[in-house]
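Here the structure comes first, spelled out in structure tokens, and everything after it is commentary.
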Amino acid sequence: MLAQLIRKTSTALAVPGSRTVATPTPSMTPRLLIKRAWDLEYCANWLYWGPSGMPMTGDQIAAHAEAAATLLRTEGWNPHGGFTDAPGHSIYSALVRAIEMDTDQRFGIDTRVALRRIFELLIRALTGAPSAFYLDWDKHPTRTIEEVLGLLATAAAFARTYGKP
């Protein structure tokens, strides 16, 4: 299933400066994509500590991505969600809403920041772009819900692979 989500995500990522889409290499697998993204890392142990200075685990980060995906499936995806009165959520507003709904306090701002960094690395690994911002990626006119859910699923797998156990 993850491979299908990666394939769907990668086929519609915009190539910077054009209206065309990037196509993945035929050998791009979820494991290779995650490894390629990790190679773009920020610094050692950046997935172990949040910007608040508090520790976090890969499972906490993954749970946050999965909670956001559940919200998008149940309440709808709208790339402008949270910024207009229209129903549905953008990735950002789904991440914020997931924090508000998390009564067990498994995730918060630290895990949201970690996911922002993971999204950037995954998008860069897929496109070869020197930088990427997930808010803009989410709002691209050709983006689909399948691609958004694929990014969230891949981010969860990334967090479990490289995050603190």
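The values are calculated or read from the model by the stated rules, or taken from the named source; none is laboratory data. Computed from a predicted structure; not experimentally measured. Cβ coordinates were reconstructed from backbone atoms using ideal geometry, including for glycine residues, and neighbour counts include every protein chain displayed. What goes into the accessible areas is simple: the full protein's heavy atoms, side chains included, and nothing from ligands, DNA or RNA. Shrake-Rupley method; radii C 1.70, N 1.55, O 1.52, S 1.80 Å.
Some notes on this structure:
- Pairs linking a residue in segment 18-47 that is in a loop (DSSP other than H, G, I, E, B) to a residue that is of a type outside the set (Phe, Trp, Tyr) and modelled with pLDDT under 65, with Cβ atoms under 6 Å and 6 or more positions apart or on different chains, are Ala22/Leu13; Ala22/Val15; Pro24/Ser10.
- In segment 130-145, the qualifying residues are those that are outside any loop (DSSP other than H, G, I, E, B) and within 16 Å of Gly76 (Cα to Cα), and the one that is least open to solvent (accessible area, probe 1.4 Å) is Asp138.
One line per residue, one yes/no per condition, for (1) at pLDDT 80 or above; (2) open to solvent by 30 Å² or more (accessible area, probe 1.4 Å); (3) small (Gly, Ala, Ser):
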position: Gln4; (1), (2), (3): no, yes, no
position: Pro24; (1), (2), (3): no, yes, no
position: Ala65; (1), (2), (3): yes, no, yes
position: Thr70; (1), (2), (3): yes, yes, no
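- For Val148, the conditions (1) without any contact (Cβ under 8 Å) to a residue 40 or more places away in the chain; (2) surrounded by 24 or more Cβ atoms within 10 Å (Cβ to Cβ) are fulfilled apart from (1).
Yes/no per residue for (1) in contact with a Phe, Trp or Tyr (Cβ under 6 Å, 6 or more places away or on another chain); (2) over 17 Å from Phe158 (Cβ atoms); (3) assigned to a loop (DSSP other than H, G, I, E, B):
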site	(1), (2), (3)
Gln60	yes, no, no
Ala69	no, no, no
Arg97	no, yes, no
Asp110	no, no, no
Arg116	no, no, no
Leu121	no, no, no
Ala125	no, no, no
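- Pairing each residue of segment 153-164 that is under 15 Å from Trp46 (Cα atoms) and assigned to a loop (DSSP other than H, G, I, E, B) with any residue that is open to solvent by 10 Å² or more (accessible area, probe 1.4 Å) and not small (Gly, Ala, Ser), provided the two are 6+ apart or on different chains, yields C-beta distances under 6 Å for Gly163/Thr57; Lys164/Tyr48; Lys164/Thr57.
- Residues satisfying the stated conditions in segment 72-106, i.e. open to solvent by 30 Å² or more (accessible area, probe 1.4 Å), over 17 Å from His140 (Cα atoms) and at pLDDT 90 or above: Arg73, Thr74, Glu75, Val96, Arg97, Ile99, Glu100, Met101, Thr103, Asp104, Gln105, Arg106
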